[in-house]
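Data first, discussion second: the structure below is written as structure tokens.
The values are calculated or read from the model by the stated rules, or taken from the named source; none is laboratory data. Being a predicted model, the structure only gives us computed values, none of them experimental. Positions of Cβ are backbone-derived with ideal geometry, glycine not excepted, and every protein chain shown enters the neighbour counts.
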Amino acid sequence: MAMFKNPFDAGRRITRGCDCGRHESQSEHERAIRADAVEASASDESRYQRVVENAIIRAIFPQDAARRLFLKTVGASTATAAISSLFPIGFATEVFAQAVPEKKDLKVGFIPITCATPIIMASPLGFYTKHGLNVEVIKTAGWAVVRDKTINKEYDAAHMLSPMPLAISMGVGSNPIPYTMPAVENINGQAITLATKHKDRRDPKSWKGFKFAVPFDYSMHNYLLRYYLAENGIDPDTDVQIRSVPPPEMVANLRADNIDGFLAPDPVNQRAVFDGVGFIHILSKEIWDGHPCCAFAASREFVTQTPNTYAALLKAIIDATAYATKDENRKEIAAAIAPANYLNQPVTVVEQVLTGTYADGLGAIKRDPKRIDFDPFPWEGFAIWILTQMKRWGQVKGEIDYKSVANQVFLETDTARLMKEVGLTPPTSGSKTIVVMGKTFDSSKPEDYIKSFAIKRT
Amino acid sequence: MTASLNLRAIVLSLAILFVFLAGWHVAVQSGGSAPAANIDPEYARLLGQQATQGKSAMPGPLDVGKTIWGHLRDPFYDKGPNDKGLGVQLAYSLGRVLLGYFLAVLLAVPLGFLIGMSPLISKALDPFIQVLKPISPLAWMPLALYTIKDSGISAIFVIFICSVWPMLLNTAFGVSAVRKEWLNVARTLEVGPVKRAFTIILPAAAPTILTGMRISIGIAWLVIVAAEMLVGGTGIGYFVWNEWNNLSITNVIVAIFVIGVMGMLLDQTLARAQRAVTYPD
């Protein structure tokens with residue numbers, strides 16, 4: 001790190017393109033400095049001092065050659081003394097070390113489903129306040145509205161479906177806007193629910209002619225349902241109908257007999273059981289154990305222009321996610337997020353989802369503590385899998401640079417850094433194995449993976 | 001005679017209300033399915049009453065009455081950005097409607113005057129008005145969200161655009177229909193154009209203009225609910241959406257009731273204003 005090297009060393013270059021020479025532009029450079037400062041926050045005070053000294057020296061000597069000449073002439077120690085007497089380096093270091101968020105009052109949008117648990121609970125349980133932020137979490141009517149309000153900057157960050165930042169960044173279904181997904185919110189936590197009248201038709205091969213609902217076209221729900229159907233020999237485009245329906249309408253539609261079932265986020269599945277209109281066929285965990293679902297997303301602009309705010313917000317989310325992972329906290333969380341201000345659901349419903357002890361709608365009580373789980377790490381492999389499915393079902397056409405899109409949107413490195421800061425151990429990058437219905441996915445060969453499917457649209 | 005007519009009307013109204021409520025109550029009581037027999041109590045604890053006791057999904061009038069009373073007792077609570085009292089939600093909706101509506105008045109009345117007084121402008125603007133008028137206000141919503149980039153202002157814009165047309169057309173019609181004799185009298189008395197507009201045309205056209213305004217406020221109130229359901233955040237439309245999300249039909253019915261009463265109040269206010277400016281011919 002150039003800014004941690006001693007600027008009073010005449011032998012060192014600290015200027016190239018930007019002030020330090022390692023970045024394309026001045027703004028990018030400043031962001032990197034701040035990011036590095038955040039990285040250092042846990043430990044080393046002296047590193048801050050170096051950062052501050054660097055900034056001062058660079059301000060005094062915009063030309064690196066002049067700085068070196070000056071240092072050579074007067075000597076490093078004299079220079080340090082001279083500049084310290086003019087400028088309170090100690091004080092500046094202290095101010096800088098606090099890495100104050102540029103913006104404290106934030107608005108974060110969410111859809112009232114249990115996937116948003118970390119985003120929501122961070123408000124009543126005080127995780128945002130702990131990281132110096134004043135966050136209002138705003139309930140939003142649908143995915144398209146979340147997308148538009150985030151693009152319009154009414155929200156600083158938002159709860160999205162994990163394929164959405166990829167779709168927005170590539171300009172599928174909206175104008176291309178560079179988007180990032182610094183954290184996955186939840187893994188698992190979805191289910192296929194069928195109308196009670198189908199309780200004897202549990203074999204998916206007999207589902208020809210069914211009408212299904214998923215929350216959004218660009219959702220894990222859509223891809224998982226399609227995958228599940230296709231593996232069972234049902235063509236999701238010709239043999240059944242899949243429509244995009246907002247979650248609250250799903251139960252109403254199931255009751256009205258407009259649809260036969262849905263692959264939906266909770267609490268919708270449990271709500272269907274609670275109201276006696278459907279039963280849980282399988283949990284999404286049984287299709288792919290550990291699949292990502294919803295995401296915490298922000299525009300690249302937010303990440304680059306207010307890096308401290310972004311870091312604080314992400315830390316709050318990571319912290320909340322870690323808290324939600326622990327089984328013993330789940331009941332408390334359910335009670336905190338069930339009221340009208342958040343999910344607006346009966347507490348029993350939310351509790352059944354979060355604790356994994358639930359009524360399946362057919363008279364049995366099932367226990368699966370990993371029904372929903374929380375893990376913030378945005379594996380690039382997840383992004384590549386989602387991209388393969390987008391291509392498989394014809395949502396994107398032509399060549400995709402899988403690796404670079406995944407890398408631009410799923411911010412593994414940032415998340416790993418901030419996880420360390422809040423005292424968690426990030427996993428080693430690239431070590432994730434993805435197994436969907438018994439089939440292993442090799443993220444280095446996405447095209448071969450698509451080719452291996454019998455039912456596809458390419 | 002009129003007193004007794006009014007009295008009889010009130011009695012009849014109450015009778016209709018009573019029959020309606022009683023019918024509703026009975027329908028709901030018998031509507032649910034039979035309670036499911038011998039469910040494991042531990043399992044039953046995890047389910048709602050609809051699943052265990054066969055309670056109808058439709059609430060009865062007593063449930064609704066209880067909920068209305070609950071809202072009336074505390075209409076202005078504020079439990080965070082997504083849970084505010086019914087009174088607060090109504091105030092938000094009313095604020096949006098009035099703002100959009102008055103902006104529309106500011107544009108529609110002067111423009112209507114111009115169209116009514118000048119046959120040339122009337123003919124020139126006619127095709128635009130004819131094309132824009134029948135567009136469903138909500139069809140503007142995505143465009144507004146995209147261009148204005150603010151959901152609150154978009155909602156106000158939608159109110160504005162839908163309440164402009166009835167006022168514009170009524171004003172233009174009222175102004176152009178002012179009796180020629182009155183204008184001729186004014187001309188012989190050498191009244192200037194500004195004075196003519198304010199002392200002759202405006203009073204003459206006022207009843208028609210207010211009719212337009214009354215139609216507009218009705219439309220604006222219809223639209224705000226739909227617009228708020230779409231963009232969310234605050235307002236009575238958001239309240240409906242939020243309760244629907246919870247599948248709480250009781251609260252949805254309460255909201256429908258409140259929306260109706262509020263719409264009636266708005267309409268009656270303008271009806272009163274209309275009566276005030278009406279003159280015997």
**Request:** With the condition kept exactly as written, say whether any residue in segment A:149-159 is within 14 Å of another protein chain (Cβ to nearest Cβ), crowded, with 24+ Cβ neighbours inside 10 Å and of a type in the set (D, E, K, R).
**Result:** yes
**Item:** segment B:136-152, subset free of Cβ contacts under 8 Å to residues at least 60 places away in the same chain and either under 23 Å from B:R214 (Cβ atoms) or in contact with a strand residue (DSSP E or B) (Cβ under 8 Å, 6 or more places away or on another chain) (or both), residue nearest to the other protein chains (Cβ to nearest Cβ)
**Value:** B:W140
**Prompt:** Has segment A:187-205 got at least one residue that is over 19 Å from the mean Cα position of the chain (by Cα), within 14 Å of A:L263 (Cα to Cα) and within 14 Å of chain B (Cβ to nearest Cβ)?
**Reply:** yes
**Prompt:** Listed residues A:K370, A:K391, A:K331, A:K326; which is among the charged types (D, E, K, R) and either free of Cβ contacts under 8 Å to residues at least 12 places away in the same chain or in contact with a His (Cβ under 8 Å, 6 or more places away or on another chain) (or both)?
**Reply:** A:K326
**Request:** Would you mention how many residues in segment B:175-203 are closer than 21 Å to B:Q274 by Cβ, surrounded by 15 or more Cβ atoms within 10 Å (Cβ to Cβ) and in contact (Cβ under 8 Å) with a residue 12 or more places away in the chain?
**Result:** 6
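Quick grid of which residues meet (1) away from chain B (no Cβ under 14 Å); (2) under 22 Å from A:I138 (Cβ atoms); (3) modelled with pLDDT of 85 or more:
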site	(1), (2), (3)
A:C294	yes, yes, yes
A:V303	yes, yes, no
A:T306	yes, yes, no
A:L314	yes, yes, no
A:I337	no, yes, yes
A:N341	no, yes, no
A:Y358	no, no, yes
**Prompt:** Taking helices (runs of 4 or more DSSP H) that do not extend beyond segment B:192-281, which have at least 2 residues that are small (G, A, S) and away from every other protein chain (no Cβ under 14 Å)?
**Reply:** B:202-231, B:249-277
**Message:** Return the residues of segment A:73-120 that are part of a loop (DSSP other than H, G, I, E, B) and modelled with pLDDT under 85; say none if nothing qualifies.
**Reply:** A:G75, A:F87, A:P88, A:Q98, A:A99, A:V100, A:P101, A:E102, A:K103, A:K104
**Message:** Tell me the residue from A:G381, A:G438, A:G423, A:G394 that is of a type in the set (G, A, S) and in contact with a Ser or Thr (Cβ under 6 Å, 6 or more places away or on another chain), please.
**Reply:** A:G381
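Listed here are the residues, each with its yes/no results for (1) within 13 Å of chain B (Cβ to nearest Cβ); (2) under 19 Å from A:V347 (Cβ atoms).
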residue: A:G109; (1), (2): yes, no
residue: A:H131; (1), (2): no, no
residue: A:E136; (1), (2): yes, no
residue: A:K139; (1), (2): yes, yes
residue: A:A144; (1), (2): yes, no
**Item:** Boolean, B:G95 is within 14 Å of chain A (Cβ to nearest Cβ) and either not in a helix (DSSP H, G or I) or not hydrophobic (A, V, I, L, M, F, W, C) (or both)
**Value:** no
**Message:** On the basis of being away from chain A (no Cβ under 14 Å) and acidic (D, E), does B:E181 make the cut?
**Reply:** yes
**Fill in**
The condition of being over 30 Å from A:R255 (Cα atoms), within 14 Å of chain A (Cβ to nearest Cβ), within 20 Å of the chain's Cα centre (by Cα) and at pLDDT 80 or above holds, among B:V88, B:V105, only for B:V88
**Asked** Is it the case that B:A155 is out of contact with any Lys or Arg (no Cβ under 6 Å at 6 or more places or on another chain), within 14 Å of chain A (Cβ to nearest Cβ), farther than 19 Å from B:L111 by Cα and assigned to a helix (DSSP H, G or I)?
**Response** no
**Asked** In the set A:D373, A:D327, A:D289, A:D319, which member is away from chain B (no Cβ under 14 Å), acidic (D, E) and buried (at least 22 other Cβ atoms within 10 Å of the Cβ)?
**Response** A:D319
**Complete:** Filter segment A:400-428 for residues that are in contact (Cβ under 8 Å) with a residue 12 or more places away in the chain and outside any helix (DSSP H, G or I); the one that is farthest from the chain's Cα centre (by Cα) is A:I400
**Complete:** Residue hits (segment A:429-458; under 21 Å from the mean Cα position of the chain (by Cα) and assigned to a loop (DSSP other than H, G, I, E, B)) are A:S429, A:G430, A:S431, A:K432, A:T433, A:S443
**Message:** Between A:S299, A:S219, which is of a type in the set (G, A, S), more than 14 Å from chain B (Cβ to nearest Cβ) and under 26 Å from the mean Cα position of the chain (by Cα)?
**Reply:** A:S219
